[in-house]
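The values are calculated or read from the model by the stated rules, or taken from the named source; none is laboratory data. Because the structure is predicted, anything quoted here is derived from the model rather than measured. When we count neighbours, we look across all protein chains shown, and the Cβ atoms used for this are built from the backbone with ideal geometry, even at glycine.
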Amino acid sequence: MATLSFNSTQIKSPSLQSHKPFSKSHFSTKPNNVPFLFPSKTHPQLHHFKPNSISESSVSVPEEAFDDAEEDDPTSELSYLDSETDPSSVTEWELDFCSRPILDIRGKKIWELVVCDSSLSLQYTKYFPNNVINSVTLKDAMETISEDLGVPLPEKVRFFRSQMQTIITKSCKELGIKPVPSKRCLSLLLWLEERYETIYLRHPGFQKGSKPLLALDNPFPMELPENLFGEKWAFVQLPFSAIREEISSLDERFVFGAGLDLDLLGIEVDDNTLIPGLAVASSRAKPLAAWMNGLEVCSVEADTSRGCLILSVGISTRYVYATYKKTPTTTSEAEAWEAAKKACGGLHFLAIQEDLDSDDCVGFWLLLDLPPPPV
């Protein structure tokens, strides 16, 4: 059984140095003087981003990760549950239902259902002809997964294609499942990338140069809703060891946010690696973090052409999160922040605080900005 595996991210990490932030956003909500509810921690303070603090690096997939996959029949289907996994613990699925760059004997594109959980303990694939693509087919297929693998139907199903929202939502609701449109289907996205290289390219019906039928949306960013406004922001960075500690204590401290299990994703990061992030300060940090917590936060992007930061949530929603005055200095720092994010394989974070100089976070999200899958 092939598993996702990535090379370690090798990034040189010089000693942390403070860097005066240029970033003062156009946030304009009125201060509400929300009291801070949590005691101080021993975590290091967020250090202002130093543009030259991360060297060139990359995250790539080693050939040996796919040794087993190359023995697979590319026309076969997969129905797998890890024998050591408690079926009742698989409560959330990640799902893709889309055409593939593969033609059947009629010369029509084959569709495929791909389902997994975040740890890839559950893996299921099934091909379909293009003339049976509807909510009934998907509903029946999800019931089949549950019956064949002996797992209960999930509480939630995450999916990342907006074009399939109607079919997936209808199927889920008929089964009493909560559909969650979200690009935080990271295990699924990485698995699709792997399947493209190890399965689809080797399929006898593969069509070279075929473009995805349902490309991911990348809409023009909208104005930020008032309830998501902060007051100040800055590019910052933290060593990965501190980020792990922050994520592990989210539940203990009742802090809003979400982590990523990089071990399960097969992504290795050295403890001393400096991870770039965005710190947002607000006197109403607690309610701001609460609102953000319901948005399926995906990524933050520095758009140097527009002089702004873009917040991506859900599957196709993008907001102008903050703006800055374009100068050679600000453009250089924004470009360096994006380069640092790329050097970390897309890994970055969003922290919400009461003050940019605080040691504590009221909300903390570890994010992974992945390119769209090739299918």
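Numbers at a glance
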read-out: Spans of strands (runs of 3 or more DSSP E) in the stretch 223-294 with at least 1 residues touching a Pro at 6+ places or on another chain (Cβ under 9 Å) and either in contact (Cβ under 8 Å) with a residue 12 or more places away in the chain or at positive phi (or both); value: 232-239, 274-281
read-out: Selection within the stretch 85-112 - of a type in the set (A, V, I, L, M) and in a strand (DSSP E or B); value: Leu95, Ile102, Leu103, Ile110
read-out: Pick from the stretch 323-339, criterion touching a strand residue (DSSP E or B) at 6+ places or on another chain (Cβ under 6 Å) and at pLDDT 95 or above, ranking: surrounded by the most Cβ atoms within 10 Å (Cβ to Cβ); value: Trp337
read-out: Number of positions in the stretch 324-375 that are of a type in the set (Ser, Thr, Tyr), touching a Ser or Thr at 6+ places or on another chain (Cβ under 6 Å) and either assigned to a helix (DSSP H, G or I) or not assigned by TED's automatic domain parsing to the domain that holds Ala234 (or both); value: 1
read-out: The lone exception for Val236 - which of (1) aliphatic (A, V, I, L, M); (2) surrounded by fewer than 22 Cβ atoms within 10 Å (Cβ to Cβ); (3) not assigned by TED's automatic domain parsing to the domain that holds Val115 it fails; value: (2)
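Results for (1) among the basic types (Lys, Arg); (2) closer than 29 Å to Arg161 by Cβ; (3) in contact with a Cys (Cβ under 8 Å, 6 or more places away or on another chain), shown as yes or no for each residue.
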| site | (1), (2), (3) |
| --- | --- |
| Phe220 | no, yes, no |
| Pro225 | no, yes, no |
| Phe229 | no, no, no |
| Ala242 | no, no, no |
| Glu245 | no, no, no |
| Val255 | no, no, yes |
| Asp263 | no, yes, no |
| Gly266 | no, yes, no |
| Thr273 | no, no, yes |
